[in-house]
Amino acid sequence: MNRKILVANWKMNPQRESEAIKLTKAIDAKNVVICPPFPFFKSVKSVIKKASLGAQDAFWEERGAYTGEVSPLMLKKLGVDYVIIGHSERRRWLHETDEMINKKVKVALKVGLKAILCVGEPLSVRKKGLQAAKNFVKNQLREDLKNIYNLKPKTYNLIVAYEPIWAIGTGKPDNPKETAEMSRFIKEYLKPKTYNLKPKVLYGGSVTSLNIGRILEYNEIQGALVGGASLKVNEFKKIIKIASK
Ligand code: PGA
C-alpha cells in the first residue's frame, strides 16, 4: 500500500527563518510535503533531504503585471512540487471564488505542479447532515474543476483535501467514518467517466497525533493536511511515525 501523504501547512508561521530551518530539519521525512510561507522557501529547500516542498497558494497567470502575486511557473522552477489551492482561509479572508480557484488549479496543473484543492462545508451546512455536506462539496468540485478535463492533467497530479471549515483550528475534527464516506463520495464523483482523474483524497481539520491513526485507518483517506500540529516538532514527529506504519 502507498504510504500516506502528510501536508504540513505552516500558514503564516513561524516568525523567524531560523525556526523554519529548525522545524524543517526535524520533520524532514518521505511523504511529507512542507508548505512554508514564501520568504522561507529557499532556506527550507536548502535543508530538505527527503520531504517535498509545497506552496500555500499560487496565482492563475504564469507571468505579468499582477502586483504581489506569485507565479506557479516560478515556483516550479524553484523546485516546488505541490501547491495548495482554495484553502478556506483564502476563500474567507481573500474572497477567493470558485472561478478564481478553477483558474489557479488549471494553471498549476499546466506548469506541472501537483495541485491540492481544498474543499469543505461550513458548520451551517453540516448541521443539516452529511448529505447536505456532500452536495456542498460536489458543487465546489464541479466549479473548481470546470473544464479541467481539457487539460488532460496527469492522473495523479490532482489531490483533493476535504477540510470541513468547522473542523479547522477548532480542536473538533470530523468523525473519521464520515470523512471516509465523504472521500468515497469525492472519488466516485471524479471517476473516469466524469473527469478521468483518480485523485488522492486527504483530510484536514484539527489533525493531531491522537486522532491521525483512526483517520488513516481508512483506505479511502490517503493522507492529511495538518495545520497547527505541523508547527510542533514532537507532535508532528509522532504523526509521521503513525502515518508511516
Ligand atoms: P489545523 O489546520 O490542522 O490547524 O486544523 C488545517 C488546515 O487549515 O489545513
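Structure values in brief
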item: Flag if Ala58 is surrounded by fewer than 22 Cβ atoms within 10 Å (Cβ to Cβ) and touching a residue at least 40 places away in the same chain (Cβ under 8 Å); result: no
item: Filter result for the condition that a residue is open to solvent by 30 Å² or more (accessible area, probe 1.4 Å), modelled with pLDDT of 95 or more and out of contact with any Ser or Thr (no Cβ under 9 Å at 6 or more places or on another chain), over Lys127, Lys193; result: Lys127
item: Contacts under 6 angstrom Cβ, first residue in the range 158-172 being in a strand (DSSP E or B) and at pLDDT below 95, partner crowded, with 22+ Cβ neighbours inside 10 Å and small (Gly, Ala, Ser), 6 or more apart; result: Leu158/Ala115
item: Leu75 vs. criteria modelled with pLDDT of 95 or more and either of a type in the set (Lys, Arg) or loosely packed, with under 14 Cβ neighbours inside 10 Å (or both); result: no
item: Lone unmet requirement of (1) out of contact with any Ser or Thr (no Cβ under 9 Å at 6 or more places or on another chain); (2) within 16 Å of the ligand (Cβ to nearest atom) for Asp28; result: (2)
item: Residue match in the range 79-93 (condition: surrounded by 23 or more Cβ atoms within 10 Å (Cβ to Cβ), within 16 Å of the ligand (Cβ to nearest atom), touching a residue at least 60 places away in the same chain (Cβ under 8 Å) and of a type in the set (A, V, I, L, M, F, W, C)); result: yes
item: Which listed residue is touching a residue at least 40 places away in the same chain (Cβ under 8 Å) and among the hydroxyl-bearing types (Ser, Thr, Tyr), from Tyr66, Tyr149; result: Tyr149
item: Boolean, Leu117 is under 21 Å from Thr97 (Cβ atoms) and either within 16 Å of the ligand (Cβ to nearest atom) or crowded, with 19+ Cβ neighbours inside 10 Å (or both); result: yes
item: Residues satisfying the stated conditions in the range 106-161, i.e. β-branched (Val, Ile, Thr) and more than 15 Å from Leu202 (Cβ to Cβ); result: Val107, Val111, Val125, Ile148, Thr155
item: Count of residues meeting criterion [under 14 Å from Ala180 (Cβ atoms) and either open to solvent by 10 Å² or more (accessible area, probe 1.4 Å) or among the aliphatic types (A, V, I, L, M) (or both)] in the range 197-211; result: 4
item: Scope the range 1-25; condition open to solvent by less than 30 Å² (accessible area, probe 1.4 Å) and among the aliphatic types (A, V, I, L, M); matching residues; result: Ile5, Leu6, Val7, Ala8, Ala20, Leu23
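Residues checked against (1) of a type in the set (Ser, Thr, Tyr); (2) under 15 Å from the mean Cα position of the chain (by Cα); (3) more than 11 Å from the ligand (Cβ to nearest atom):
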position	(1), (2), (3)
Gly205	no, yes, no
Leu210	no, no, yes
Arg214	no, no, yes
Glu220	no, no, yes
Gly223	no, yes, yes
Leu231	no, no, no
Asn234	no, no, yes
Ile240	no, no, yes
Lys245	no, no, yes
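The values are calculated or read from the model by the stated rules, or taken from the named source; none is laboratory data. Remember, it's a predicted structure, so these values are computed and weren't measured experimentally. So basically every Cβ, Gly included, is an ideal-geometry build from the backbone, and we count neighbours across all protein chains shown. Areas reflect the complete protein model, heavy atoms only, side chains present, ligands, DNA and RNA absent. Shrake-Rupley method; radii C 1.70, N 1.55, O 1.52, S 1.80 Å.
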